[in-house]
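In what follows, a single structure is set out as structure tokens and then discussed.
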Amino acid sequence: MRILVTGGAGFLGSHLCDRLLKDGNEVICIDNLFTGRKSNIAHLRDNPHFEFVRHDVIDPFKYEVEQIYNLACPASPPHYQFNPIKTTKTSVMGAINCLGLAKRVRARVFQASTSEVYGDPEIHPQPESYWGHVNPIGRRSCYDEGKRCAETLFFDYHRENKVDIRVVRIFNTYGPRMHPNDGRVVSNFIVQALKGEDITIYGDGLQTRSFCYVDDLIEGFVRLMNQTQTVGPMNIGNPGEFTMLQLAELTLKLVGGKSKIVHKPLPADDPKQRRPDITLAKSVLNWAPTVELEEGLQRTIEYFKTQV
Ligand code: NAD
Ligand code: UDP
């Protein structure tokens with residue numbers, strides 16, 4: 001198949017491009033390189049089945065493709081809050097442009113949505129049926145509401161125009177090719193530990209997240225995209241739940257060194273807990289994560305040793 005990946009030079013996008021090429025597809029990757037890097041796809045430069053185009057998804061694009069994966073959007077809070085209006089535009093205009101193209105060329109289109117649509121959840125763990133608890137006017141809203149609006153657009157194009165959609169809700173995912181200055185917790189802790197700097201825990205560190213290793217996530221993406229039983233939304237994530245304090249201690253144990261844990265102010269609207277209910281992915285995709293946090297962290301640490 002010929003497949004378009006938006007945000008393909010980013011952390012997840014570059015792993016997805018690798019996987020799609022490995023499966024024998026042609027891949028066109030479009031990315032404005034805001035948080036993505038050419039180095040993430042440098043190994044694909046001479047692959048005749050891969051094409052990179054520097055392009056911003058808020059502007060329309062046209063390619064004859066059979067599938068579209070829409071991943072373009074900064075995902076780390078410091079990066080998506082850097083220019084919040086642009087973040088909303090990226091989510092909303094990016095979705096409209098992908099859906100318009102999918103309608104025109106009759107492609108199947110996949111939206112990388114997020115557990116952030118659940119906000120600071122009052123139901124735990126979070127099933128897809130939960131509508132969420134989101135602040136519409138806070139610092140995280142550009143991302144959360146942008147992604148929620150993108151889901152709305154996907155389902156309206158599906159109902160109104162019969163566009164063939166798939167929507168995944170991704171829970172915190174980590175692994176090689178995260179940017180060393182990405183700002184998300186796993187990369188921050190590993191880079192700090194490797195440099196012997198203080199480990200920065202925001203707040204008391206008792207807030208929880210569930211961390212999925214990138215290879216498990218990409219397997220879930222491809223299975224969701226290529227089945228016809230459901231369009232989603234579908235949670236993909238690892239239900240193993242950890243406090244940030246536990247993550248810091250595990251990172252320190254694996255990296256070694258002399259870093260100390262320090263506490264910094266908790267950012268506004270930081271969700272207190274997050275854990276996916278993956279019943280749907282298990283039953284429809286026969287999917288479950290296979291990489292435990294300790295093993296995935298070890299692999300990610302090996303990667304960051306080559307970067308810092
Ligand atoms: P990332 O920042 O590494 O990748 C995002 C990519 O999109 C980058 O390459 C960036 O340059 C590109 N991009 C941003 N704005 C763009 C624009 N206007 N036009 C074209 N390209 C643009 O982050 P990631 O972790 O790889 O996230 C990929 C997708 O998955 C995002 O849509 C994100 O919201 C979603 N997601 C990720 C996670 C996670 O834990 N990694 C969790 C939930 C959702
Ligand atoms: N966090 C932290 N120290 C850091 C970066 C993040 O304690 O250096 C916390 C953050 O406040 C949040 C959790 O780790 O509670 C996950 O943050 P991240 O930005 O990775 O993802 P998100 O909040 O979007 O789930």
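Its DSSP H runs of at least 4 residues, each contributing -39,500 (n - 2.57), put the calculated 222 nm mean residue ellipticity of the chain at -11000 deg cm²/dmol, to the nearest 500.
Rounded to the nearest whole Hz, the Karplus-based 3J(HN,Hα) values (6.51 cos²θ - 1.76 cosθ + 1.60, θ = phi - 60°) of region 202-218 follow the sequence 8, x, 7, x, 8, 5, 10, 9, 10, 10, 10, 6, 4, 4, 4, 4, 4, with x at glycine and proline. Given R₀ = 51 Å, FRET efficiency for LYS253-ASN83 by Cβ-Cβ distance, to 0.05? Approximately 0.85, to the nearest 0.05.
Label zone of THR306 (point 7 Å out along Cα→Cβ, amide N under 19 Å): in region 34-51 this covers 36-47. Fully extending the segment from ARG45 to ASP156 would add 36.3 nm, taking 0.36 nm per residue of separation and subtracting the current Cα-Cα distance. If you take all other residues with their beta carbon under 9 Å from the beta carbon of ILE3, and give Lys and Arg +1 and Asp and Glu -1, the sum is -1. Once the chain from LYS38 to ASP269 is taken as fully extended at 0.36 nm per residue, the excess over their C-alpha distance is 79.9 nm.
For THR208, the residues whose modelled amide H falls within less than 5 Å of its own, excluding neighbours fewer than 5 places apart on the same chain, are GLN273, ARG274. Site pair VAL105 and LYS282 shows an inter-label distance of 3.8 nm when each label is modelled 7 Å from Cα along Cα→Cβ. Within region 113-219, the trypsin sites (Lys or Arg not before Pro) that combine a DSSP coil assignment with at most 13 other C-beta atoms in a 10 angstrom radius are LYS162.
Between GLN298 and VAL262, the contour length at 0.36 nm per residue exceeds the alpha carbon distance by 10.7 nm. Of the chymotrypsin sites (Phe, Trp or Tyr not before Pro) found in region 58-132, those in coil by DSSP whose Cβ has at most 13 other Cβ atoms within 10 Å are TRP131. Taking Cβ atoms as reference points and 15 Å as the exclusive limit, the residues near ASN181 contribute a net charge of +2, counting Lys and Arg as +1 and Asp and Glu as -1.
Rounded to the nearest 5, what % of DSSP beta bridges with both residues in the chain are antiparallel? Percent antiparallel among DSSP bridges in the chain is about 10.
When only DSSP loop residues count, what trypsin sites (Lys or Arg not before Pro) in region 211-261 have their Cβ near at most 10 other Cβ atoms within 10 Å?
Hits after loop and neighbour filter: LYS258, LYS260.
If R0 is 30 Å, the Cβ-Cβ spacing of GLU64 and THR228 corresponds to a FRET efficiency of close to 0.85.
Got the relative contact order for the chain handy, in percent, Cα pairs under 8 Å and 6 or more residues apart? About 18 percent, as a whole number. Ordered by the number of other Cβ atoms lying within 10 Å of each residue's own Cβ, fewest first, VAL231, VAL191 fall into the sequence VAL231, VAL191. Note on the chain: with a GNM built from Cα contacts shorter than 10 Å, the maximum mean-square fluctuation among ARG54, ARG274, ARG108 falls on ARG54.
So what's the net charge close to LEU266: Lys and Arg +1, Asp and Glu -1, counting the other residues with Cβ under 11 Å from its Cβ? With Lys, Arg at +1 and Asp, Glu at -1, the neighbours total -1. Computed about its Cα centre, the charge dipole of the chain is approximately 460 debye, with only Lys, Arg, Asp and Glu carrying charge at their Cβ.
Every number here is computed from the coordinates shown, using simple stated rules; none is lab data. Note that this is a predicted model, so its numbers are computed, not measured. Cβ atoms come from the backbone with ideal geometry, glycine included; neighbour counts cover every protein chain shown.
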